[in-house]
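Accompanying notes for the structure given below.
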Amino acid sequence: MSYRVGLVGKPSVGKSTLFNAATMNDVPEGAYPFTTIDPSVGEAYVGIDCAAPEFEENCEPNHGYCDSGTRYVPVKLVDVAGLIPGAHEGNGLGNQFLTDLNETDVLVHVVDFSGTTDIEGEATEGHDPREDIDFLEDELDMWYLDILEKGIEKFEATYQGPNPGDEITIQHVLEEQMSAFRIKEDEIKQVILSLGLELDHTAWDDGDREALAREIRKRTKPMVVAANKMDTPEAQQNYEEITSDPDYDHLTIVPASAHAEKALKNAAENDVVDYRQGEADFEITGDISAEQRAGLEQIREFVTEFGGTGVQTALETALFDVLGVKAVFPGSANGNWTKGPFRDCFLLPGDATAEGFAYHLHSDIGDGFLHAIDCRSGRQVSADTDLDHRAVVEIVTTN
C-alpha cells in the first residue's frame, strides 16, 4: 500500500514546481492556466526517525533510503490538474479534476500567499489568499453536497415508497451513495449526531445538509494548506493575517517556498551545496559566483527563519499529523534477521492493530496470527493492540 498525497489548487500557484521539488521530476512548469492537464504521479518521501540505531543495527531499506538516522519512506505524490471556480458543475477540467482528486488519501492545497495570481490563476497584485482557500473548500463541499442529495433522493424513492425496505436507514443508503469516499455507515451516523441533527433526513433543512456534506468532506478529504511563495514580504504579511484569523483555525497552514526547495536540490545535485531535504540549513561546498552565492544566502535567510523550505514539512504534516498515518517496522525480538535488519518500514492507518499489521504483511500471516512481540520491550501483545508510531513489531504466526 502506498499513500497518495494530492497537490491541488488553482492554476499558476506553483503546484508543479512543488511537485518537481518533492520528486525531482521534470513536469512542465509555467505561469499560465492548465500547465498540467493530466495528473502527474511521482514518488516523494516522508521522513521518520529510523529505529535501527536503537537496536545497534544498520538498516538495509528495500524501498526508500536512510540518511543520517532519518528513514525516508516513499509515497505517491499526485499533481492534479488546475482547478477553477465551478469545477463541481463541470467547468474547466472539473469532472476529471474531481475524479483524480478522489483517488488521493490526503490533500495539500498549494496557495499563492504572495497574492500575485487571481482566482483563475491570472497575474495580478494584492489578491487575498483567503479567497483561494475558500473557493477550493466551497467547490469540494458542493461536490459532496450533490452526492449527498442524490443519496437522499435514492432513499426516498427506494425505501419510502410503496415497498419500503426493512429497517433501512438513511446512513446506510448514504454509505452506498458515498462509497467512493470510503466512509462507513457508523461513521456517517456519528457525523450526523455530532452536528446535533436527528437521524431523520426530513428534519434537515438546506443548511443542515450543507453542514453534513462539509463535515463528511473534512473527514474523508483532510487537507493541509501549503502557503507557497513565502520567501516574499507580501506572502509573509498575508500569512500573519490569515493564521491570526479564527475563521481558518480548522486548517493547518505550512509556510513554504517550492522555488527554494527546487533551487537547493538542483544545487545539491550539482555539488554546489550539501543539503538534505527538510533541513533548516545547508552548506555551500562548490565554487560559485558572487551572484549565485547571494541567491543562496537569500534562500538561507528564509529556511533559517521558517525551519526549512516547507515542502517536506507540508507532506509530512499532511500524512502524519492530519491523516494520522503511522510508520511500523517489522522486527526480530531475538535479533535473528533472515533477510537483513530493518529492510521494511510500512505506513499504516492511525487505527492499525497488531493483527491488522499481520494482514498488511500478507493474508496468510494474518490468518495464522497468534500474537505479536513489541521488540523494544520484549512484551507479547494481543491482536487488538493499537500500534504506536515507529513501533517495531515481530508477528508470531502459524503460517
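The values are calculated or read from the model by the stated rules, or taken from the named source; none is laboratory data. In this text the structure is predicted, and so the values were computed from the model without any measurement. Note that each Cβ is placed from the backbone with ideal geometry, even for glycine, and that neighbours are counted across all protein chains shown. Keep in mind that these areas ignore ligands, DNA and RNA; they rest on the heavy atoms of the full protein, side chains included. Shrake-Rupley method; radii C 1.70, N 1.55, O 1.52, S 1.80 Å.
The residues listed here are LYS184, LYS154; of these, the one that is without any contact (Cβ under 8 Å) to a residue 12 or more places away in the chain and in contact with an Asp or Glu (Cβ under 9 Å, 6 or more places away or on another chain) is LYS184.
Condition first: open to solvent by less than 10 Å² (accessible area, probe 1.4 Å), at pLDDT 85 or above and charged (D, E, K, R). Can you find one or more residues in the stretch 85-108 that meet it? So far as the stretch 85-108 goes, no, none of its residues is open to solvent by less than 10 Å² (accessible area, probe 1.4 Å), at pLDDT 85 or above and charged (D, E, K, R). If I filter the stretch 109-126 for residues that are among the aliphatic types (A, V, I, L, M), crowded, with 20+ Cβ neighbours inside 10 Å, touching a helix residue (DSSP H, G or I) at 6+ places or on another chain (Cβ under 7 Å) and at pLDDT 95 or above, do I get at least one hit? Yes, some residue in the stretch 109-126 is among the aliphatic types (A, V, I, L, M), crowded, with 20+ Cβ neighbours inside 10 Å, touching a helix residue (DSSP H, G or I) at 6+ places or on another chain (Cβ under 7 Å) and at pLDDT 95 or above.
Conditions tested, residue by residue: (1) charged (D, E, K, R); (2) more than 19 Å from ILE48 (Cβ to Cβ); (3) in a strand (DSSP E or B).
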site: GLY286; (1), (2), (3): no, yes, no
site: GLN298; (1), (2), (3): no, yes, no
site: PHE302; (1), (2), (3): no, yes, no
site: VAL328; (1), (2), (3): no, no, yes
site: ALA333; (1), (2), (3): no, yes, no
site: LYS339; (1), (2), (3): yes, yes, no
site: GLU355; (1), (2), (3): yes, yes, no
site: ILE373; (1), (2), (3): no, yes, yes
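Applying the selection to the stretch 112-135, what residues are in a loop (DSSP other than H, G, I, E, B), over 22 Å from VAL311 (Cα atoms) and of a type outside the set (D, E, K, R)? ILE119, THR124, GLY126, HIS127, listed by residue number. Inspect the stretch 57-67 for any residue being at pLDDT 90 or above, out of contact with any helix residue (DSSP H, G or I) (no Cβ under 8 Å at 6 or more places or on another chain), acidic (Asp, Glu) and part of a loop (DSSP other than H, G, I, E, B) and give the result as yes or no. Within the stretch 57-67, one or more residues are at pLDDT 90 or above, out of contact with any helix residue (DSSP H, G or I) (no Cβ under 8 Å at 6 or more places or on another chain), acidic (Asp, Glu) and part of a loop (DSSP other than H, G, I, E, B). With respect to the stated conditions, GLY366 is in a helix (DSSP H, G or I), of a type outside the set (A, V, I, L, M, F, W, C) and either at pLDDT 95 or above or in contact with a Gly (Cβ under 8 Å, 6 or more places away or on another chain) (or both). Contact annotation: residue pairs with Cβ atoms under 8 Å, 6 or more positions apart or on different chains, pairing a residue in the stretch 313-330 that is in contact (Cβ under 8 Å) with a residue 60 or more places away in the chain and farther than 22 Å from ASP344 by Cα with a partner that is small (Gly, Ala, Ser) and assigned to a strand (DSSP E or B), are ALA314/ALA226. Residues that are surrounded by 17 or more Cβ atoms within 10 Å (Cβ to Cβ), under 19 Å from VAL224 (Cβ atoms) and either touching a Cys at 6+ places or on another chain (Cβ under 9 Å) or charged (D, E, K, R) (or both) within the stretch 290-341 comprise GLU316, LYS326, ALA327, listed in sequence order.
Among the candidates HIS371, HIS389, the residue that is modelled with pLDDT of 95 or more and within 24 Å of CYS59 (Cα to Cα) is uniquely HIS389. Helices (runs of 4 or more DSSP H) fully within the stretch 136-250 that include at least 3 residues being touching a strand residue (DSSP E or B) at 6+ places or on another chain (Cβ under 9 Å): 233-243. Count of the stretch 236-274 residues, restricted to those that are open to solvent by less than 30 Å² (accessible area, probe 1.4 Å) and of a type in the set (Phe, Trp, Tyr), is 1. Test LEU361 against the criterion of being open to solvent by 30 Å² or more (accessible area, probe 1.4 Å), in contact with a Ser or Thr (Cβ under 8 Å, 6 or more places away or on another chain) and free of Cβ contacts under 8 Å to residues at least 40 places away in the same chain, and give yes or no. Criteria not met by LEU361.
Looking for something at pLDDT 90 or above and under 23 Å from LEU140 (Cα atoms) - is there at least one such residue anywhere in the stretch 19-39? Yes, the conditions are met somewhere in the stretch 19-39.
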